[in-house]
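Read the structure below first, then the notes.
The values are calculated or read from the model by the stated rules, or taken from the named source; none is laboratory data. Just so it is clear, the model here is predicted, and its values are computed rather than measured. Using ideal geometry, Cβ is built from the backbone for each residue, glycine included, and neighbour counts are taken over all protein chains shown.
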Amino acid sequence: MKGKVFIVGVGPGDPELVTVKALKVLKDADVILYDRLVSEEILSLCQGEKIYVGKSIGEAWKQEEINRKLVEEAKKGKRVVRAKGGDPTVFGRGEEECIFALREGISCEIIPGLTSAIAGPELAGIPVTSRIVAASGFTVISGTRAKGELDPDFIPEKGTLIVLMGIHDIEEVQRVILMKRRGDEKVAIIESASTPKQRVITGTLMKLSELVKEGHVSSPSIIVVGEVVSLSFNQ
């Protein structure tokens, strides 16, 4: 009997933000492959075998190895979960894992999760859109590129800009954003959103890299650029 692979988003970190469906799948899983963005509190709810696959800079597991492990365990007839922080297809490579499983003849289901791109700003009191400041849309980009440099064509000239995974190369991220946005625009950096370690640093785009370095900001962190930062109801 063939098993099944589930690609599951567990939200930004707070276990209370995991969906009911994701929680059920996690509890029923025989094997859970997880990375560093999945909290211990969430893992404690799982009864199956837990396999840490890393997925941070410099760690050993490659995407191809994760793909093979998911399929290998599923072919043993197991219910296999790939647990991911946030939503599994918002820069989570969940689609790659699902496609690989399907090509190997393994059934696969994606369980959406609450993406930190929206939840992070909201938990910091920052709406991603607002009629008050004419922020009628928002754009989410990754500060980490698989190939080449960050493309300025993906930077909107107005509206809210949200950058995930941008701390590691903050000077380059700042340089590219400044090609399209004003240096005096407001920015917020949200570190460890939804966890007890959450903190928020605000300033201007021109000072972004300085804010990160002087504040010793680490990943995971979210960068928000735009006038919505001024509306923060947590300040």
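At-a-glance table
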| quantity | calculated |
| --- | --- |
| Qualifying helices (runs of 4 or more DSSP H) (wholly inside segment 116-235; at least 2 residues being under 29 Å from Glu41 (Cα atoms) and at pLDDT 95 or above) | 116-123 |
| Segment 174-228 - residue that is within 22 Å of Gly13 (Cβ to Cβ) and among the small types (Gly, Ala, Ser) and, of those, surrounded by the fewest Cβ atoms within 10 Å (Cβ to Cβ) | Ser218 |
